[in-house]
Amino acid sequence: MKAIVVRQYGGPEVLRYEEVPDPEPKPGEVLLKVRVAGFNYADVMMRMGFYKGGPRPPYIPGFEVCGTVIRLCHGVTGVQEGARVLAFPDPSATVGGYAQLVAISAQRLFPAPASLSDQEAGAFPIVFLTAYMALRMAGRAAPGKSVLIHSAGGGVGTAAVQIAKQLGLRIFATASSDEKLERVKTLGADATINYQRDDFVEEVRRQTSGRGIDVILEMVGGEVFDKSLQCLAPLGRLVAVGIASARVPKADVAQLLYGNLSVVGIHLGKLFNRPDLIGEALEHLNRWIAEKKIKPVVGPAFPLREAAAAHALVSDRKNYGKVILLPE
Ligand SMILES: NC(=O)c1ccc[n+]([C@@H]2O[C@H](COP(=O)([O-])OP(=O)(O)OC[C@H]3O[C@@H](n4cnc5c(N)ncnc54)[C@H](OP(=O)(O)O)[C@@H]3O)[C@@H](O)[C@H]2O)c1
């Protein structure tokens, strides 16, 4: 089969399209034909060698696919050949989803929502589950509260804006361009801030009459984390979702204590051993999808062989929505 192989950490150019042996499913596993491989920002961090617990080269990246079951191995029950499924290869493993075929434990499969196209289904699970868990579980967001969503035009961001709308939150959204923010408004954002042009701390203070924000989804780290803490309202919660800048922030406990502020982290991968939480989230998300209240925003779709171009696009902050890869 064809797959993207990383033989050394580095820039997008280390993502090489190669012929590799087909994977052989073991007992308890299925073989999937990959229809869509989801790009995730963590793929960039892993490729650069910055991701805690990420794979060592050589490895095939990708931990999210939508695919068709083409073979069942001994011991697999509850899934049929031909089924269209969502699957989550182990992010620390050396064989992932940037490939034409994936062998994977049947326990890491979920049905793909029937009303979504292949591309929408491939753009759905990780960003929506992350956004849902960040808002509901970590952020304890409740109707009438305010939320600040950073990187609102990205994969997690566009999912978070739509979920926040369903939860009845007042949504503040930041992004690097007016073009992205115009599109984020159509998803339900109430107020938008172009952080390249305006200081988002000042804007939040101005637009909330100095009160601040109840819940913040913070994806960048470094200075954005520090400045976000200055935007929290008393009893507010900052949810650390990502560290796209690769600058790991440190919270000042005195600042938290005197402000009655909370900082809480969320890592979706580590929640897959809690099927109760994932199941509850999927139940809500699938219902909203069936009711056409939320919909994956499919960003640029690249042929699998052009994975390097997909990574370069996101690193240049040019993507809107969830980037996906399509094996030929
Ligand atoms: N905790 C979890 O379980 C979990 C799960 C999924 C994703 N994440 C995290 O959530 C964040 C978003 O992930 P995603 O996959 O949906 O990616 P994405 O948002 O589609 O793409 C990244 C976006 O981040 C913004 N950005 C800010 N600083 C950046 C920088 N230094 N370099 C590049 N981009 C930067 C850019 O938007 P602007 O142009 O608007 O700045 C860019 O478009 C990432 O930090 C990721 O690691 C966490």
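For this structure, a couple of remarks:
- Cβ charges +1 (Lys, Arg) and -1 (Asp, Glu), total dipole of region 126-269, debye: 400 debye
- Each Cα pair under 8 Å and six or more residues apart adds its sequence gap; the mean of these over the residue count of the chain is a relative contact order of 18 percent.
- Taking the chain as a Gaussian network of alpha-carbon nodes connected by springs under 10 Å, the highest mean-square fluctuation of the residues Asp90, Asp43, Asp226 belongs to Asp226.
- Looking at the chain, the DSSP beta bridges with both ends there are about 50 percent antiparallel.
- Evaluating 6.51 cos²θ - 1.76 cosθ + 1.60 at θ = phi - 60° for every residue in region 30-47, the Karplus couplings come out as 10, 9, 10, 8, 6, 8, 9, 10, x, 8, 10, 4, 4, 4, 5, 4, 5, 4 Hz, glycine and proline recorded as x.
- Environment charge at Tyr41 (Cβ cut-off 15 Å; Lys +1, Arg +1, Asp -1, Glu -1): +2
- Separation of the Tyr9 and Ser92 label points, Cα + 7 Å toward Cβ, nm: 1.6 nm
- Counting other Cβ atoms within 10 Å as a rough exposure proxy, the listed residues Phe124, Phe88 run Phe88, Phe124 from fewest neighbours to most.
- Segment Asp226-Asp198, length gained on full extension (0.36 nm per residue, minus Cα span): 8.4 nm
- For Val248, Val65, Val20, Val298, order by how many other beta-carbon atoms lie within 10 Å, fewest first: Val248, Val20, Val298, Val65
- Region 212-305 - Debye-derived log10 I(q)/I(0), Cα point model, q = 0.16, 0.18, 0.20, 0.22 Å⁻¹: -0.89, -0.99, -1.05, -1.08
- Of the DSSP H helices in the chain, those whose Cα atoms cover at least 15 Å axially and whose Kyte score averages 0.0 or more: 155-166
- The calculated 222 nm mean residue ellipticity attributable to helices in the chain amounts to -7500 deg cm²/dmol, summing -39500 (n - 2.57) over DSSP H runs of n ≥ 4 and dividing by all residues.
None of the figures in this text is laboratory data; all of them are computed from the coordinates on show. In this text, all values refer to a predicted model and were calculated from it rather than measured experimentally. Every residue, glycine among them, receives a Cβ derived from its backbone with ideal geometry; neighbour counts consider all protein chains shown.
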